[in-house]
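Here's the structure, in structure tokens; my notes come after.
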Amino acid sequence: MTIASTTESAAVLTAMYAAEAEYLAAGGPGETSFELLAPFFAPDVELHQADALPYGGTWRGHDGMAQFFLAMGEVWESFDMVEQEFLASGETAVVLTQVRARARATGRELSFPVLQAITVKDGRITEVRPFYWDTRAIADACAVPAPTG
């Protein structure tokens, strides 16, 4: 992990990603309570996922975030954040993450970058906007093949 700027935003994100790793190691969505991650997110947090993804849409609040993690768990058998770079200034942080994942429906493995614009206010994440290089490749890898014949 590379941190290009030492700010409150970078500190919050570093701690949140460590808690997320602990959450996933403990079984993740459906197995472990979202309460492990809740302290890092504002009660009115908004996560905006690309509509083309199986878990697309806007997820709001702690309940929305918990539902998002459940949706991710249904789509991905594994989702590893292999490498991350942070650039943070004030309330805004940009996180470039290299992901290695395996789709639950198809077993296909992918490696792809995600760039996230994240807003941190008063020590909590208030908004997350991920940008994917190729949403179609991700959606295709996760799609159950249509029956033939």
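Annotations
- Within a Gaussian network of the chain (alpha carbon springs, distance under 10 Å), most fluctuating of E77, E20, E31: E31
- For the chain, adding -39500 (n - 2.57) for each run of n ≥ 4 DSSP H residues and dividing by the number of residues yields -9000 deg cm²/dmol at 222 nm.
- For the stretch 47-149, the solvent-accessible area with a 1.4 angstrom probe is 55 square angstrom per residue.
- Carbon plus sulfur fraction of accessible area for the stretch 78-149, probe 1.4 Å, in percent: 51 percent
- Rounded to the nearest 10 Å², the accessible area of D122 at probe 1.4 Å: 150 Å²
The values are calculated or read from the model by the stated rules, or taken from the named source; none is laboratory data. Computed from a prediction, not measured in an experiment: that's the story for all the values here. Surface areas here come from the heavy atoms of the whole protein model, side chains and all, with no ligands, DNA or RNA. Shrake-Rupley method; radii C 1.70, N 1.55, O 1.52, S 1.80 Å.
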